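Working notes for the structure below.
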Amino acid sequence: MPTIRSGAMDPDTAFSLLSNQRRRHVLCLLAERGEAVPLSDVATEIASRMNDVDPDKVEDADYRSVYVALYQNHVPRLAEAGVVEYDDTARTARIARNQRTWELLQYAGVDTEKTWECEYLLAGVLAVLAAPLGMLLAEGIVPAWWMYPVLVLIAALALIGTAQATASHQPSVSDCHSLVNSGT
């Protein structure tokens, strides 16, 4: 399977990644959590879901089977495709916060919400750049001196809000049911 780390998700790569139920479970679980999750917790949760039992009632053999498959195959494959970030030292995984992940979830038919951080970032940058120009143009129109700092403050707040939204980007997943149960 070719590795494509940037640009659009190749349909063959997407469907190959989604062809295995355990990989779909990993994607769903990590997208729902949105943070780094120990691989042992991922294995327990997936074994629980696949066997329809509570996580504390997962059999050791089921847990081991899932853990080994995740560790040796599924998580590294998702990480190689750039949709999961895997820390082999800490043995934790998290959903990658990028366009490829969003596209893969779209291929899977998962109900994701479009995030607008790039558009907000562009608006914030334009506001910051336009503030000084606006001050020069408004000099004859706006006689109040206090308007200049207000324009700069508005532009700065827009930029700060955009930066915070961008830093915390993750696909917003409202329903993974279709992803996990497809192809079973």
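The values are calculated or read from the model by the stated rules, or taken from the named source; none is laboratory data. It should be emphasised that the depicted structure is a prediction, and the values quoted were computed from it without experimental measurement. Virtual Cβ from ideal backbone geometry, glycine too; neighbours counted across all protein chains shown.
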Yes/no for ALA90 being exposed (fewer than 14 other Cβ atoms within 10 Å of the Cβ), modelled with pLDDT of 95 or more and assigned to a loop (DSSP other than H, G, I, E, B): yes
For THR115, which of the numbered conditions (1) within 15 Å of the chain's Cα centre (by Cα); (2) modelled with pLDDT of 90 or more; (3) not in a helix (DSSP H, G or I) fails to hold? (2)
Kindly indicate whether ALA61 is free of Cβ contacts under 8 Å to residues at least 12 places away in the same chain and surrounded by fewer than 16 Cβ atoms within 10 Å (Cβ to Cβ). yes
Considering the stretch 11-32, residues that are out of contact with any helix residue (DSSP H, G or I) (no Cβ under 9 Å at 6 or more places or on another chain) and not hydroxyl-bearing (Ser, Thr, Tyr), and then whichever is modelled with the lowest pLDDT, we arrive at GLU32
